[in-house]
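Asker: Could you have a look at this structure, given as structure tokens, before my questions?
The values are calculated or read from the model by the stated rules, or taken from the named source; none is laboratory data. Computed from a predicted structure; not experimentally measured. As a convention, Cβ positions derive from the backbone with ideal geometry for all residues, glycine included, and neighbour counts pool all protein chains shown.
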Amino acid sequence: MQDDQIVVLLRTLRRPSFFSRDRDFFKKSLCSDQYSIVYLDVRQLEVAPYVRRFLRHPEFKTWSSRKGAVARVTAMGVFVWRPRASRALSFTWVK
């Protein structure tokens, strides 16, 4: 499936949060209130722990808090584009 086909599919689903290790998904132009996209900038063996960590973060715990976000998850924290933001926001990991 091509990247643009994934975005079309996301628009047909109810409240999707899409996780990928493909850096092409961390673009402000992909922001939409219909879905959230999370680019996992971590090693392959760290994907599952960072997905859980992201979903437990107070800023992203609920669908309404993730809606519209295009996020980049790293060991240092989370960087997020929002639909109407002029710059990416950053969040540190909570203990």
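Asker: Mind counting the residues in segment 28-78 that are β-branched (Val, Ile, Thr), over 14 Å from Leu10 (Cβ atoms) and within 10 Å of the chain's Cα centre (by Cα)?
Answerer: Selection size over segment 28-78: 3.
Asker: Could you give every pair whose Cβ atoms fall below 8 Å, whose first residue belongs to segment 83-94 and is free of Cβ contacts under 8 Å to residues at least 60 places away in the same chain, and whose second residue is assigned to a loop (DSSP other than H, G, I, E, B) and surrounded by 13 or more Cβ atoms within 10 Å (Cβ to Cβ), counting only separations of at least 6 or pairs across chains?
Answerer: Pro83/Cys31; Pro83/Ser32; Pro83/Gly68; Leu89/Arg82; Phe91/His57; Phe91/Glu59; Trp93/His57; Val94/His57
Asker: Being under 22 Å from Arg84 (Cα atoms) and of a type in the set (Phe, Trp, Tyr) is the filter; apply it to segment 30-51 and report the residue that is surrounded by the fewest Cβ atoms within 10 Å (Cβ to Cβ).
Answerer: Ranking the candidates gives Tyr39 first.
Asker: Still on this structure, please answer the following. Is segment 71-84 home to any residue that is among the aromatic types (Phe, Trp, Tyr) and surrounded by 14 or more Cβ atoms within 10 Å (Cβ to Cβ)?
Answerer: In the first step, residues of segment 71-84 are kept if they are among the aromatic types (Phe, Trp, Tyr); the result is 79, 81.
Subset that is surrounded by 14 or more Cβ atoms within 10 Å (Cβ to Cβ): 79, 81.
Within segment 71-84 (the criterion being among the aromatic types (Phe, Trp, Tyr) and surrounded by 14 or more Cβ atoms within 10 Å (Cβ to Cβ)), the answer is yes, since at least one residue qualifies.
Asker: Within segment 20-29, is there a residue that is without any contact (Cβ under 8 Å) to a residue 40 or more places away in the chain, aromatic (Phe, Trp, Tyr) and either touching a strand residue (DSSP E or B) at 6+ places or on another chain (Cβ under 9 Å) or closer than 22 Å to Arg87 by Cα (or both)?
Answerer: Taking every residue of segment 20-29 in turn, none turns out to be without any contact (Cβ under 8 Å) to a residue 40 or more places away in the chain, aromatic (Phe, Trp, Tyr) and either touching a strand residue (DSSP E or B) at 6+ places or on another chain (Cβ under 9 Å) or closer than 22 Å to Arg87 by Cα (or both).
Asker: Mind counting the residues in segment 36-91 that are in a loop (DSSP other than H, G, I, E, B) and under 13 Å from Ser17 (Cα atoms)? Reasoning before the result, please.
Answerer: Taking segment 36-91 first, the residues in a loop (DSSP other than H, G, I, E, B) are 41-43, 57-62, 67-69, 74-76, 82-88.
Next, only the ones that are under 13 Å from Ser17 (Cα atoms) stay: 60-62, 67-69.
Here the count works out to 6.
Asker: Can you find a residue that is exposed (fewer than 14 other Cβ atoms within 10 Å of the Cβ), modelled with pLDDT under 95, touching a Gly at 6+ places or on another chain (Cβ under 6 Å) and of a type outside the set (A, V, I, L, M) anywhere in segment 85-92?
Answerer: Looking through segment 85-92, none of the residues is exposed (fewer than 14 other Cβ atoms within 10 Å of the Cβ), modelled with pLDDT under 95, touching a Gly at 6+ places or on another chain (Cβ under 6 Å) and of a type outside the set (A, V, I, L, M).
Asker: Also, I was wondering about something else. Only residues that are farther than 20 Å from Asp41 by Cα and either in a loop (DSSP other than H, G, I, E, B) or modelled with pLDDT under 95 (or both): list them for segment 12-22, please. Full working, then the answer.
Answerer: From segment 12-22, those farther than 20 Å from Asp41 by Cα are 12-15; that's our starting set.
Of everything in segment 12-22, those that are farther than 20 Å from Asp41 by Cα and either in a loop (DSSP other than H, G, I, E, B) or modelled with pLDDT under 95 (or both) turn out to be Leu13, Arg14, Arg15.
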